[in-house]
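Below: the structure, in structure tokens.
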Amino acid sequence: RLDPETGKIYHLKFDPPPEHVRGRLVHRSDDQEEKIRTRLGQYHSQVEGVLGNLKSADQCFVDGTKKPDDVFEEIFVFLGASGGVWPALESAPAPIETAPAPISVSSPPEKVVCIAGPPAAGKGTQCEKIVAQFGLVHLSTGDILRDHVKRGTALGKKAKEYMDQGLLVPDDLITNLVITRMQESDVMAKGCLLDGFPRSAKQTTSLVEAGINIHKFIRIDVPDEALIERGVGRRLDPETGKIYHLKFDPPPASVQHRLVHRSDDHEEKIRRRLQQYHDQVQGVMAALDKADIFIAEGSLSPAQIFSNISFFLTAPGGAWPALV
């Protein structure tokens, strides 16, 4: 709803207006359901036409209903992935000054847990449960990067130079951003959950060389064939934007004729993304020295997966103390 006196836009559910302005709010004609559906239909028709004419471009379809950091992570992996039609984007541009010197710490956090998992394995759900149960500070590279850029820190300004050129932020700089965040008081007091970081052997080694050890490493495993089944069965309704699954969330008969099988949901591309993930996580695990490692069976129910993870995090007798 629009407040015509101030120009501010409210949302009745997500950003409710205060009582004293409700009487003057306006429901703009462009925000009526019929017009929104018309615009969405136009967009889907247009974008499908564009995609239908792209013959050589690598394509990535990202679920925009996810958290901003999860969306960024998928885009980040796609842009930096090798093996596509075009080369991966390089991280280090020549015009920018050399990467900052590695950061080292004398007093690392006492509790550092890392969680990894392939796309659609349910990692985000487990992160929420772990943070709620154990009080760890959730750390993700996307959140950290955006915060530094927003605050204009020295590291944030350096990262923005790369971002403004459309380049990936180098591993060394990303690692320094994470290490800096890990030195803040909340992480030092509570410990942290590294969500999808480190994502390479180089990043893992850089953490260790800085004096930070990953105490507990969780890898959520789901058979590739199950993840492929989840992906290839998805269908998009171009008029509403809703995504159905032919097996797990079947579409009604009235919309089946207009459903679209997006190119990113074809088996070949799903297998490519999974192989990229497997290569990355194997490199990370090979570089882990002292961490307790737990492989979680991701085909179980979310509650059972979390129960198993909780047992791992609290069980005595590992290389590092159990979380309390």
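The values are calculated or read from the model by the stated rules, or taken from the named source; none is laboratory data. If you're wondering where the values come from, they're calculated on a predicted model, not measured in any experiment. Note: ideal-geometry Cβ built from the backbone for every residue, glycine included; neighbour counts use all protein chains shown. SASA here: full protein model, heavy atoms, side chains in, ligands and nucleic acids out. Shrake-Rupley method; radii C 1.70, N 1.55, O 1.52, S 1.80 Å.
A few points about this structure:
- Of everything in segment 22-67 that is within 28 Å of ARG146 (Cα to Cα) and touching a Lys or Arg at 6+ places or on another chain (Cβ under 8 Å), the residue that is least open to solvent (accessible area, probe 1.4 Å) is GLN59.
- Among the residues of segment 241-259, those that are of a type outside the set (Lys, Arg), modelled with pLDDT under 90 and either under 22 Å from the mean Cα position of the chain (by Cα) or surrounded by 14 or more Cβ atoms within 10 Å (Cβ to Cβ) (or both) comprise GLY241, ILE243.
- Selection of first residues in segment 209-230 that are outside any loop (DSSP other than H, G, I, E, B) and of second residues that are basic (Lys, Arg), restricted to Cβ pairs under 7 Å at least 6 apart or on distinct chains, gives the following pairs, ordered by first then second residue: ILE220/LYS123; ILE228/ARG271.
- Residues of segment 158-176 that are in contact with a helix residue (DSSP H, G or I) (Cβ under 8 Å, 6 or more places away or on another chain), farther than 19 Å from ILE115 by Cβ and not acidic (Asp, Glu): LYS158, ALA159, LYS160, TYR162, MET163, LEU168, VAL169, PRO170, LEU173, ASN176.
- Pick from segment 5-21, criterion surrounded by 11 or more Cβ atoms within 10 Å (Cβ to Cβ) and not charged (D, E, K, R), ranking: farthest from VAL260 (Cα to Cα): VAL21
- Helices (runs of 4 or more DSSP H) wholly inside segment 121-167 that include at least 2 residues being of a type in the set (Asp, Glu) and under 30 Å from ALA226 (Cβ atoms): none
- Checking ASN176 against (1) more than 25 Å from ILE309 (Cβ to Cβ); (2) open to solvent by 30 Å² or more (accessible area, probe 1.4 Å), the condition it does not meet: (2)
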